[in-house]
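The values are calculated or read from the model by the stated rules, or taken from the named source; none is laboratory data. Since we're looking at a predicted model, the values are computed, not measured. Here Cβ is always computed from backbone atoms with ideal geometry, including for glycine, and neighbour counts include all displayed protein chains.
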Amino acid sequence: MLGLKLPTDPRWANSIEENLEEILVDHAYCEQKAASTAISFIVTYPELSDLVTSMISLAQEEMAHFSMVHKLIIERNMTLGKERVDPYVRKVLDFFPKGDHRMKRLVYRLLVAALIEARSCERFKVLSQKLSDEKLKKFYEKLMISEASHHTLFLGLARKYGDRNDVDKLWNSLLKYEGEIIKEFADSDRVHG
């Protein structure tokens, strides 16, 4: 379903378990950035009413997820800490050319968002299956389902606003590219890299 070319090694969860604070803080910021991205779509493409409607709901959901992760951080006597740069996302963004036509940029951004949600979904599945903490396992199982629906939403919107054949070719090329760059982040104790 997700189309990812390189699955996460299940042993990745072992390193996560040794440093739960790092993954929870990183995860919190991923949710906050996802909400910001949804708002950015609204601000940049206000004339696309169906996109705006979808992004309003998404921004609200992502902030609810941020709140849930933040609550877990506090329950574990941790603090949110400073935002971290996400080198994985930066590398993914390098796939698409800069300065293209406005609607092409929309499709590019939607595909990047679909990919990020797909990788999050896949990593949350690993966590839901491999962590020893039952509360976190259930938490990540619930979020895995949500990330899958976000992936589907973004990919569907990209296909709506771009030529379906062109979008599918771009999507497949992006998946191959991501399959190569994710190797650099295989041992990362972050959601993506």
- prompt: Just checking, which of Lys5, Lys98, Lys104 is within 22 Å of Glu178 (Cα to Cα), within 17 Å of the chain's Cα centre (by Cα) and among the basic types (Lys, Arg)?
  reply: Lys5
query: Going by the structure shown, is Glu18 acidic (Asp, Glu) and modelled with pLDDT under 95?
result: yes
- prompt: Based on what the data block shows, is Arg123 of a type outside the set (Val, Ile, Thr), modelled with pLDDT under 95 and either under 24 Å from Asp189 (Cα atoms) or part of a helix (DSSP H, G or I) (or both)?
  reply: yes
field: Residue match in the range 78-95 (condition: under 21 Å from Leu127 (Cβ atoms), more than 15 Å from the chain's Cα centre (by Cα), among the small types (Gly, Ala, Ser) and assigned to a loop (DSSP other than H, G, I, E, B))
entry: yes
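So, Phe185, is that one touching a residue at least 40 places away in the same chain (Cβ under 8 Å) and touching a Pro at 6+ places or on another chain (Cβ under 9 Å) or not?
Yes.
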task: May I ask you to say which residue of Ala113, Ala148, Ala118 is within 17 Å of Ala34 (Cα to Cα), of a type in the set (A, V, I, L, M) and in contact with a Phe, Trp or Tyr (Cβ under 7 Å, 6 or more places away or on another chain)?
output: Ala113
Any hit, the range 60-80, residues being within 27 Å of Ser173 (Cα to Cα), touching an Asp or Glu at 6+ places or on another chain (Cβ under 9 Å) and touching a residue at least 24 places away in the same chain (Cβ under 8 Å): no
